[in-house]
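Engineer: I am attaching a structure below and will ask some questions about it afterwards.
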Amino acid sequence: MESEKIEEKEEKEMEKIVKINGMACSHCAGRVEKALSALNSVDLKN
């Protein structure tokens, strides 16, 4: 029986900055902020 090679994948961190402009309605801005903050990997900065 041949031995199987197990490849370990290295996890790489990636940073992506997305600027959202033009949110005039505070209700809409709040909804977008709430949805993004629910994601574990997202940091919100003002």
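The values are calculated or read from the model by the stated rules, or taken from the named source; none is laboratory data. Quick caveat: nothing in here was measured; it's all calculated off a predicted structure. Neighbour counts are summed over all protein chains in view; Cβ atoms, including those assigned to glycine, are modelled from backbone coordinates with ideal geometry.
Engineer: If I filter the range 5-23 for residues that are outside any loop (DSSP other than H, G, I, E, B), at pLDDT 85 or above and surrounded by 10 or more Cβ atoms within 10 Å (Cβ to Cβ), do I get at least one hit?
Structural biologist: No: zero hits.
Engineer: Let me ask you something else. Considering the range 24-46 alone, what residues qualify as being in a loop (DSSP other than H, G, I, E, B) and among the small types (Gly, Ala, Ser)?
Structural biologist: Scanning the range 24-46 gives 24, 38, 41.
Engineer: Can you find a residue in the range 35-43 that is within 13 Å of the chain's Cα centre (by Cα) and at pLDDT 90 or above?
Structural biologist: Scanning the range 35-43 turns up at least one residue that is within 13 Å of the chain's Cα centre (by Cα) and at pLDDT 90 or above.
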